[in-house]
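**Student:** One structure is given below, represented as structure tokens, and several questions about it will come after.
The values are calculated or read from the model by the stated rules, or taken from the named source; none is laboratory data. Keep in mind the model is a prediction, meaning the values are calculated, not measured. Reconstructed Cβ throughout: ideal geometry from the backbone, glycine too, with neighbour counts over all protein chains shown. In case anyone asks, the SASA skips ligands and DNA or RNA and just uses the protein heavy atoms, side chains included. Shrake-Rupley method; radii C 1.70, N 1.55, O 1.52, S 1.80 Å.
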Amino acid sequence: MFSDIYGVPTPKVIGLQQSASSLKWAPSGTTGYKTKFTKIVCTPSQTGTGAALTATFTGDTEGSDNWAEICAVDPEGTADAATNYPAFNFANTYGTTAGLTDTDYATGWYVPSVAELCEVYKNKDVIQTSLTAASGFTFGKNYYWSSSQYASLERNAYQVGFNDGYVDYYRKYDNIYVFVLQALTAE
């Protein structure tokens, strides 16, 4: 889908479902809520309405390994992802809950970085046409979690609004929707 993000070819697949309800990145009081995951910090050059169309990014722009980093920092909390990391649990269980049986698509789903979410937002009209034809999925006007940690406060992560391209950080315990990406590997 993305031919060249930040100079690196990165073909992606978007999950054909979003979370049925809004989910927390990490509930208040959990280790994930109180921890600053420094290796998954991604900072947009601007925030606010329309920033998804024009922002550039520094830091960790590719989210496929962000869950592994969270697991490395918080192995006890991630052992119960459904309780402690609901947004990531949605990604981790997506293949099973979506009924995917093809081994190429059953695993490897992840919560995208804020840079990847903005790239999807920039291309949402073209992507929406394909998703509607394939499954009826629609982005709607929801806000979606990224897997990107906010640099200044450990209790915040970035999200992107698909109604107006709004980019900013929110508290990890806020309820926001999730959709997932999958990196395709060359055979």
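**Student:** Restricting attention to segment 158-167, which residues are open to solvent by 30 Å² or more (accessible area, probe 1.4 Å) and within 16 Å of Ala115 (Cβ to Cβ)?
**Tutor:** Passing the criteria: only Tyr166.
**Student:** Take the conditions open to solvent by 10 Å² or more (accessible area, probe 1.4 Å) and under 30 Å from Thr31 (Cβ atoms) and apply them to Ala133. Does it pass?
**Tutor:** On the way: open to solvent by 10 Å² or more (accessible area, probe 1.4 Å): yes; under 30 Å from Thr31 (Cβ atoms): no.
Against the criterion (open to solvent by 10 Å² or more (accessible area, probe 1.4 Å) and under 30 Å from Thr31 (Cβ atoms)), Ala133 does not qualify.
**Student:** In addition: Has segment 148-158 got any residue that is in a loop (DSSP other than H, G, I, E, B), modelled with pLDDT of 95 or more and touching a helix residue (DSSP H, G or I) at 6+ places or on another chain (Cβ under 8 Å)?
**Tutor:** There is at least one residue in segment 148-158 that is in a loop (DSSP other than H, G, I, E, B), modelled with pLDDT of 95 or more and touching a helix residue (DSSP H, G or I) at 6+ places or on another chain (Cβ under 8 Å).
**Student:** Examine segment 116-126 for a residue that is closer than 16 Å to Gly15 by Cα, among the polar types (S, T, N, Q), in contact (Cβ under 8 Å) with a residue 60 or more places away in the chain and in contact with a Leu (Cβ under 8 Å, 6 or more places away or on another chain), and state whether such a residue exists.
**Tutor:** Among the residues of segment 116-126, not one is closer than 16 Å to Gly15 by Cα, among the polar types (S, T, N, Q), in contact (Cβ under 8 Å) with a residue 60 or more places away in the chain and in contact with a Leu (Cβ under 8 Å, 6 or more places away or on another chain), which makes the answer no.
**Student:** Would you check which residues across segment 54-89 are in contact with a Phe, Trp or Tyr (Cβ under 7 Å, 6 or more places away or on another chain), surrounded by fewer than 21 Cβ atoms within 10 Å (Cβ to Cβ) and in contact (Cβ under 8 Å) with a residue 60 or more places away in the chain and list them?
**Tutor:** Correct list: Ser64 only.
**Student:** Would you pick out the residues in segment 150-187 that are touching a Gly at 6+ places or on another chain (Cβ under 9 Å) and of a type in the set (S, T, N, Q)?
**Tutor:** If the condition is that a residue be touching a Gly at 6+ places or on another chain (Cβ under 9 Å) and of a type in the set (S, T, N, Q), then Asn163, Gln182, Thr185 are the ones that fit.
**Student:** Somewhere in segment 71-89, is a residue in a loop (DSSP other than H, G, I, E, B) and closer than 14 Å to Phe162 by Cα?
**Tutor:** no
**Student:** Keeping to segment 1-29, report how many residues are exposed (fewer than 12 other Cβ atoms within 10 Å of the Cβ) and at pLDDT 70 or above.
**Tutor:** Final tally of qualifying residues: 3.
**Student:** Return the residue satisfying two criteria in turn: it lies in segment 141-157 and is surrounded by fewer than 16 Cβ atoms within 10 Å (Cβ to Cβ) and free of Cβ contacts under 8 Å to residues at least 40 places away in the same chain, and of such residues it is nearest to the chain's Cα centre (by Cα).
**Tutor:** Lys141
**Student:** Still on this structure, please answer the following. I'd like the full set of residues that are open to solvent by less than 30 Å² (accessible area, probe 1.4 Å), outside any helix (DSSP H, G or I) and in contact with a strand residue (DSSP E or B) (Cβ under 8 Å, 6 or more places away or on another chain), limited to segment 35-53.
**Tutor:** Residues satisfying the conditions are Phe37, Val41, Cys42, Pro44, Gly48.
**Student:** I'd like to check something: does segment 168-179 contain any residue that is open to solvent by less than 10 Å² (accessible area, probe 1.4 Å), assigned to a strand (DSSP E or B), touching a strand residue (DSSP E or B) at 6+ places or on another chain (Cβ under 6 Å) and not hydrophobic (A, V, I, L, M, F, W, C)?
**Tutor:** no
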